[in-house]
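The values are calculated or read from the model by the stated rules, or taken from the named source; none is laboratory data. Everything numeric in this text was worked out from a predicted model, so none of it was measured. All Cβ positions, even for glycine, are placed from backbone atoms using ideal geometry, and neighbour counts span all protein chains on display. The area values use the complete protein model at the heavy-atom level, side chains included, leaving out ligands, DNA and RNA. Shrake-Rupley method; radii C 1.70, N 1.55, O 1.52, S 1.80 Å.
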Amino acid sequence: MTLADEAIAWYAVNARDLPWRQPDTTPWGVLVSEVMLQQTPVVRVEPAWRSWMTRWPTPAALAEDPPSEAIRMWGRLGYPRRAMRLHACAVAIVERHGGAVPSALDQLLALPGVGTYTGRAVATFAYGQRHPVVDTNVRRVVCRAVEGKPDAGPATTAADLTAMEELLPDDEARAAQASIAFMELGAIVCTARSPKCVDCPFHDVCAWRLRGEPLPEGPSRKPQRYAGTDRQVRGLLLEVLRHATGPVPRQRLDMVWQDEVQRARALAGLVEDGLVERLGGEDFVLAGDAPQ
DNA sequence: AAGGCGTGGGT
DNA sequence: TACCCAAGCCT
């Protein structure tokens with residue numbers, strides 16, 4: 001049994017029952033789930049995905065509504081630029097591909113918000129193609145099981161794709177199963193902290209375990225702070241705008257943060273990023289929410 | 001090519 | 001309590 005075989009057998013028994021894994025899920029549904037799952041935990045994505053797919057079952061449906069509606073529906077999933085990019089993605093799918101999510105990897109990668117991971121995930125999980133699909137879970141699993149190191153490096157590199165490629169079965173369908181199985185393994189067994197090695201199908205062959213599960217050496221990555229950053233201010237500003245039914249005067253936005261310089265910088269950033277529009281005077285709305 | 005970009009739950 | 005972490009992308 002290869003690692004892929006072990007993982008596939010384990011997945012068949014242990015996979016979580018997630019809505020986007022239902023066999024009737026469309027490629028659009030897969031794409032939406034992948035974008036939502038970029039840096040947001042499954043438990044928070046699940047209800048959001050259901051609501052989104054009910055309201056916008058197709059790219060064309062989303063493309064007909066303004067970006068502001070997508071930003072509102074995004075709610076508190078975080079990184080709301082993803083909502084805007086998903087909307088832009090829907091528009092591009094309608095314009096370039098007649099409303100059908102493309103199956104070719106290069107066309108997927110050309111869509112807004114679709115990067116190395118997401119493009120391969122859609123090509124693989126929605127269309128059953130054979131591609132290495134490497135996310136943070138896969139990197140960690142491969143790194144431990146194959147290389148015997150406690151944790152993977154920071155970025156997805158060509159080397160990561162090559163490493164996973166070599167583990168994939170030749171058969172398309174089984175290759176796709178292997179990728180989702182490795183991801184699931186990393187998500188619920190081979191976790192970043194306190195991995196559950198007793199439950200792992202790689203228990204007897206994992207290079208990291210056989211080495212005695214050494215701790216990571218050297219200084220850990222510098223923690224990214226949130227409190228007091230522009231990101232927090234942007235979040236507060238956006239929270240106000242999401243709930244507004246009409247244009248919001250600057251006075252109202254000024255209430256969310258004391259530091260005037262930082263507040264202005266955060267608001268300008270939101271406008272710069274296309275999430276927010278400034279109307280004629282000192283009024284602001286979510287992008288696409290301008291009256292008339 | 002580091003660093004910016006939200007949010008909330010776990011330890 | 002303060003981190004740490006969660007199916008990344010973009011510049």
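A straight chain from A:LEU215 to A:ARG21 at 0.36 nm per residue would run longer than the Cα-Cα distance by 66.4 nm. Between the helical axis of A:172-188 and the longest alpha-carbon principal axis of chain A there is an angle of about 80 degrees.
Could you tell me which of rounded, prolate or oblate describes segment A:230-286, using a ≥ b ≥ c as the square roots of the eigenvalues of the alpha-carbon gyration tensor, with rounded for a/c under 1.5 and, failing that, prolate when a/b is larger than b/c and oblate otherwise? In terms of gyration-tensor shape, rounded.
Probing with 1.4 Å while keeping every protein chain in the model, the per residue accessible area of segment A:136-210 equals 48 Å².
Positive-end ranking of A:GLN258, A:VAL240, A:ALA268 along the dipole of segment A:230-286, with charges on Cβ about the Cα centre, is headed by A:VAL240. Each part gets one Cα centre, and for segment A:229-292 versus segment A:121-154 those centres are 38 Å apart. The residues neighbouring A:LEU161, those whose beta-carbon lies less than 14 Å from its own, together hold a net charge of -1 under the Lys/Arg +1, Asp/Glu -1 convention.
Once the other residues with Cβ under 15 Å from the Cβ of A:GLU172 are scored (Lys, Arg +1; Asp, Glu -1), what is the net sum? Around A:GLU172, the surrounding residues sum to 0. Treating r as the C-beta distance of A:VAL261 and A:THR40 and R0 as 30 Å, the FRET efficiency rounds to 0.50. Computed about its Cα centre, the charge dipole of chain A is approximately 780 debye, with only Lys, Arg, Asp and Glu carrying charge at their Cβ. The residues of segment A:26-125 have, on average, 41 Å² of accessible surface per residue, using a 1.4 Å probe with all protein chains present.
Each residue, A:ALA158 and A:ALA268, gets one label point 7 Å from its Cα in the Cβ direction; the gap between the two is 3.9 nm. Just so you know, the Rg over Rh for segment A:1-136 is 0.97, from Cα atoms, with Rh as the Kirkwood radius. Compared with the rule-of-thumb size 2.2 N^0.38 Å for a compact globular protein, segment A:136-210 has a Cα radius of gyration ratio of 1.04. Rounded, prolate or oblate, given the Cα gyration tensor of segment A:97-155, with a/c below 1.5 counting as rounded? Because a/c hits 1.5 or more and a/b exceeds b/c, segment A:97-155 counts as prolate. Per residue, the convex hull spanned by the Cα atoms of chain A amounts to 146 cubic angstrom. Any chance you could give the angle, 0 to 90 degrees and rounded to 10, that helix A:27-36 forms with the longest Cα principal axis of chain A? Rounded to the nearest ten degrees, it is 80. For chain A, the fraction of 1.4 Å probe accessible surface lying on carbon and sulfur atoms is 52 percent.
Between A:VAL240 and A:GLN292, the FRET efficiency estimated from the beta carbon spacing at R0 = 30 angstrom works out to 0.85. Among residues other than A:ALA63 with Cβ under 14 Å from its Cβ, the summed charge is -1 (Lys and Arg +1, Asp and Glu -1). For the pair A:GLU95 and A:ALA227, label points projected 7 Å from Cα toward Cβ lie 4.3 nm apart.
Computed over chain A, relative contact order equals 18 percent, with contacts defined as Cα pairs under 8 Å that lie 6+ residues apart. One decimal place: the segment A:GLU282-A:THR2 gains 94.5 nm when fully extended, by the rule 0.36 nm per residue minus the C-alpha distance.
Entry note, chain A: the mean residue ellipticity at 222 nm calculated from DSSP H runs of n ≥ 4, each adding -39500 (n - 2.57), is -15000 deg cm²/dmol after division by the residues and rounding to the nearest 500.
For chain A, the longest principal axis of the C-alpha atoms and the axis of helix A:230-243 are separated by about 60°. Solvent-accessible area per residue in segment A:230-286 equals 55 Å², computed with a 1.4 angstrom probe and all protein chains kept. Computed over the alpha-carbon atoms, segment A:136-292 gives an Rg to Rh ratio of 1.20, Rh here being the Kirkwood radius from the mean inverse distance. When the Cα positions of A:GLN177, A:TYR226, A:PHE125 are compared along the charge dipole of segment A:88-233, A:TYR226 comes out farthest toward the positive end, with charges on each C-beta of Lys, Arg, Asp and Glu.
Across segment A:142-209, the relative contact order, built from alpha-carbon pairs under 8 Å that are at least six residues apart, equals 48 percent.
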